[in-house]
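Undergrad: The structure under discussion is supplied below as structure tokens; questions concerning it will follow.
The values are calculated or read from the model by the stated rules, or taken from the named source; none is laboratory data. Computed from a predicted model, the values in this text were never measured in an experiment. Using ideal geometry, Cβ is built from the backbone for each residue, glycine included, and neighbour counts are taken over all protein chains shown. When the accessible area is computed, the model is the full protein with side chains, heavy atoms only, and any ligands, DNA or RNA have been set aside. Shrake-Rupley method; radii C 1.70, N 1.55, O 1.52, S 1.80 Å.
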Amino acid sequence: MDQAVTRSLFPEPETNCSLCARLTQLRTSLQQTEPDWHNAPVPTFGDRSGRLLIVGLAPGLRGANRTGRPFTGDYAGDLLYATLNRFDFTDGTYAANPADGLSLIDCAITNAVRCVPPQNKPTPDEIHHCRSFLRQTLDAMPRLSILLALGRIAHESILRALDLKPKAYPFGHAVRHDLPYRTLTLFDSYHCSRYNTNTGKLTEDMFNKVFNDIRDSLK
Ligand code: SF4
């Protein structure tokens, strides 16, 4: 690895977790071609006593898979961390590097799938396999009250991790769902990927609105 990765305070899969054969194969191959990259399950980052958990899809190849910290090192992270800073969820300056000293306040970030998938597309089986780690992350946050799903896959995996039926809680940008589990509230947003912002599916204003709603809800 080219950057120091802070030890996670959350329950995590083993760094050589092999529950997903295809993802294990990709990681192993990347360890040969890119030996300085993280190339392992990307641990949850942030404040275990936080009230907000943000759940993305999976590590980006040259983002979190390279640096070892969720959303760090690619465009999606630039937008996410700038927004977190705007809404006072950060301490320090994001510099696209796990050694930048950034910490999160009242908030943590994880992914529905911890290992980088080919073409950024995990299979249903891979999402299912990694859901046990998502559930452990939820259970490890005693003050958790708000979940933010970045995209439909994260949304559905959160619901299934809580034994709830996705059909009863349809995904929609800026939609809020009050869940019958630990009085949790689930907010949805389109994923803050470069593709979504380039195509206008997600604008900065739309993303800000979701965080504004979350801030109001945390008051
Ligand atoms: S995606 Fe999750 S379950 Fe699959 S190999 Fe990686 S850590 Fe294990």
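Undergrad: Hey, can you tell me all the residues within the range 15-64 that are within 26 Å of V210 (Cβ to Cβ) and within 11 Å of the ligand (Cβ to nearest atom)?
TA: Within the range 15-64, V42, P43, A58, P59 qualify.
Undergrad: R69 fails exactly one of the following numbered conditions: (1) within 15 Å of the ligand (Cβ to nearest atom); (2) under 19 Å from A154 (Cα atoms); (3) in contact (Cβ under 8 Å) with a residue 60 or more places away in the chain; (4) part of a loop (DSSP other than H, G, I, E, B). What is the number of that condition?
TA: (1)
Undergrad: Could you grab me the full set of residues in the range 156-184 that are crowded, with 19+ Cβ neighbours inside 10 Å, closer than 25 Å to R86 by Cα and touching a residue at least 40 places away in the same chain (Cβ under 8 Å)?
TA: Selection gives nothing.
Undergrad: List every residue pair whose Cβ atoms lie under 8 Å apart, where the two residues are 6 or more positions apart in sequence or sit on different chains, the first residue falls within the range 125-153 and is more than 15 Å from S8 (Cβ to Cβ), and the second residue, located anywhere, is aromatic (F, W, Y) and open to solvent by less than 10 Å² (accessible area, probe 1.4 Å).
TA: I146/F187; L147/F187; L148/F187; A149/F187
Undergrad: Can you pull out every residue in the range 94-120 that is away from the ligand (no atom under 16 Å from the Cβ), part of a helix (DSSP H, G or I) and open to solvent by 20 Å² or more (accessible area, probe 1.4 Å)?
TA: Correct list: A99, D100.
Undergrad: Only one of L57, L53, L61 is open to solvent by less than 50 Å² (accessible area, probe 1.4 Å) and either out of contact with any Gly (no Cβ under 6 Å at 6 or more places or on another chain) or under 25 Å from D216 (Cβ atoms) (or both); which?
TA: After ruling out the rest, the residue left standing is L53.
Undergrad: Would you please name the residue that is farthest from G172 (Cα to Cα), looking only at residues in the range 194-211 that are charged (D, E, K, R) and free of Cβ contacts under 8 Å to residues at least 24 places away in the same chain?
TA: Here the residue is D205.
Undergrad: Shifting gears a bit: Just for the range 64-93: of the residues that are β-branched (V, I, T) and surrounded by fewer than 24 Cβ atoms within 10 Å (Cβ to Cβ), which one is nearest to P122 (Cα to Cα)?
TA: Ranking the qualifying residues of the range 64-93, first place goes to T83.
Undergrad: List, please: which pairs have Cβ atoms under 6 Å, are six or more places apart or on different chains, and start with a residue in the range 78-102 that is closer than 20 Å to S217 by Cα and in contact (Cβ under 8 Å) with a residue 24 or more places away in the chain and end with one that is part of a loop (DSSP other than H, G, I, E, B) and β-branched (V, I, T)?
TA: The qualifying pairs are F89/I105.
Undergrad: Give just the number: which of (1) touching a strand residue (DSSP E or B) at 6+ places or on another chain (Cβ under 6 Å); (2) modelled with pLDDT under 95 does H155 not satisfy?
TA: Checking H155 against (1) touching a strand residue (DSSP E or B) at 6+ places or on another chain (Cβ under 6 Å); (2) modelled with pLDDT under 95, the one that fails is (2).
Undergrad: Are any residues in the range 121-152 more than 13 Å from the ligand (Cβ to nearest atom), part of a helix (DSSP H, G or I) and open to solvent by 40 Å² or more (accessible area, probe 1.4 Å), and if so, which ones?
TA: Across the range 121-152, the qualifying residues are D139, R152.
Undergrad: Exactly one of these conditions fails for F87: (1) away from the ligand (no atom under 13 Å from the Cβ); (2) under 17 Å from the mean Cα position of the chain (by Cα). Give me its number.
TA: Unmet for F87, out of (1) away from the ligand (no atom under 13 Å from the Cβ); (2) under 17 Å from the mean Cα position of the chain (by Cα): (2).
Undergrad: Contact list please: Cβ distance under 8 Å, first residue in the range 39-58 and on the phi < 0 side of the Ramachandran plot and outside any loop (DSSP other than H, G, I, E, B), second residue within 13 Å of the ligand (Cβ to nearest atom) and open to solvent by 10 Å² or more (accessible area, probe 1.4 Å), pairs at least six apart or on different chains.
TA: Close Cβ pairs satisfying both conditions: F45/S8.
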